[in-house]
Amino acid sequence: MCSPILLDAQIALQKDQFARAHRIFSRISALQELHIEPQYCSPFKLQHDIEQMRYLLKKRKLPKKFKEDISRYTAGLALCRKIGTDFIPLIPSLKEYLGPNYGTLFHLFIPGKTEKFALNQRQDFAFIEQEYLALKNPIVVIDQVLSKASLRKLRKMILESAIWHDIKPNAHLGARLTYGLSSPLVFQIAAELKQKLPKVFAGLSLKQVWAFKYAPKNSGIETHSDGGLVNLNMWLTPDEDNIDPSTGGMAIYERRRPTSWTLNQANGYDNLSAVKRLVSQPKVKRIAVPYRFNRGVLFDSRLFHETDRFHFRDTYVGRRVNLTFLFDRD
Ligand SMILES: [Fe+2]
């Protein structure tokens, strides 16, 4: 983060001023819509956007003129499939062809705070905290992590909000705070986490929140370690959409990124063979966490981890989605 407005957002997060952080991120989103050109498209991105527009048109949440966008995207998709890679540069002729809505926040549902709690109050947070702090390599699974009210709102956001603009390898799309993901509910979750697990988050502040949406069948994200110290990853697609319940989750290795490594070395595809060598050492245990709807995985984000292979139903509403909160030292 370097621009003054991003720095302002970071300071608000550092001070746990979440309402202010949301206001700043909303301003950043509006600015990006005005100033930042999308750089790429991909077959999965176009397919996703076509399905999302159809979904919103059916619910009468988009003007009918979006049917023209669907026609253009469908022709664009045929072209992108011929090219066949995950990152297709958005050359001027392709951009013009897709039209002015491509890469914009053309529809948003911004979930407000829940009246009661965002986290499931039936959880024994004192026990979760104790368990986390006692482990040398902390990995704690929290089933039914969110309240029903927040789950409903987040599901609506995932399906309705046109926030899926980060084109990633292996056919998945990312959403970020600086471009439409910020909401009062997302920050309510962060605030409650800090309040319910005060020792886990002592001296730490929220640094990043992101969400990923995946193609139905894939190997997901390769082995990596995230910046920061504590990661809460949660899954937001109903179990009925997961065709193979023995897969679909994630695996975490009981091996932290070496302190001498840069974040790029620990997180980049360029260094993947070195990462694989580290985690395949015989002493390194691999903990598989199967996918479950509304399951949270709280872990030390320095530990190497990867998406498990997965197979979800090939429907717009059935796409595998995760929402991740990353905390680090102030
Ligand atoms: Fe990660």
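Would you please state which residues of segment 275-297 a label at Gln265 would reach in this model, taking the label point 7 Å out along Cα→Cβ and a backbone N cut-off of under 12 Å?
275
Can you put Glu115, Glu51 in order, fewest other beta carbons within 10 Å first?
The order, fewest Cβ neighbours first, is Glu115, Glu51.
Over 27 Å between Cα atoms: which of Lys113/Lys194; Lys67/Lys113; Lys82/Lys156; Lys136/Lys156; Lys116/Lys217 fall into that group?
From the list (Lys113/Lys194; Lys67/Lys113; Lys82/Lys156; Lys136/Lys156; Lys116/Lys217), the Cα-Cα distance tops 27 Å for Lys67/Lys113; Lys82/Lys156; Lys136/Lys156; Lys116/Lys217.
Which residue, Phe87, Tyr291, Leu204, has the largest displacement toward the positive end of the dipole of the chain when charges sit on each Cβ (Lys, Arg +1; Asp, Glu -1)?
Tyr291
What FRET efficiency would be calculated for the residue pair Leu94, Glu33, taking the C-beta separation as r and a Förster radius of 25 Å, to the nearest 0.05?
0.80
Starting from the Cα gyration tensor of segment 125-329, take the square roots of the eigenvalues, sort them a ≥ b ≥ c, and report rounded, prolate or oblate (rounded when a/c is under 1.5, otherwise prolate if a/b is larger than b/c, else oblate).
Since a/c stays below 1.5, the shape of segment 125-329 is classed as rounded.
What does the charge count around Thr223 come to, taking other residues whose C-beta lies under 9 Å from its C-beta (Lys +1, Arg +1, Asp -1, Glu -1)?
-1
Net charge near Pro100, counting Lys/Arg +1 and Asp/Glu -1 over other residues with Cβ under 13 Å of its Cβ?
Here the count lands on -2.
FRET efficiency for Gln130 and Lys67, Cβ-Cβ distance as r, R0 = 56 Å, nearest 0.05?
0.50
Quick one: dipole size for segment 125-329, taken about the Cα centre, charges +1 on Lys/Arg Cβ and -1 on Asp/Glu Cβ, in debye to the nearest 20.
240
Run the numbers for Ser280 and Gln195: contour at 0.36 nm per residue of separation, minus the present Cα-Cα distance, in nm.
26.9 nm
If we count other beta carbons within 10 Å of each Cβ, what is the order of Cys41, Cys2, fewest first?
Sorted ascending by nearby Cβ count, the order is Cys2, Cys41.
Quick one: if you stick a label point 7 Å off each Cα along the C-beta vector at Lys59 and Arg309, how many nm between them?
About 3.4 nm separates the two model spin labels.
Would you mind counting up the charge near Arg295? Only other residues with Cβ under 11 Å from its Cβ, with Lys and Arg at +1 and Asp and Glu at -1.
Combined, the nearby Lys, Arg, Asp and Glu give -1.
Every number in this text was worked out from the coordinates using simple rules, so none of it is lab data. All of these numbers come straight from a predicted model, not from anything done at the bench. Quick reminder, even Gly has a Cβ in these numbers, built from the backbone with ideal geometry, and neighbours come from all protein chains shown.
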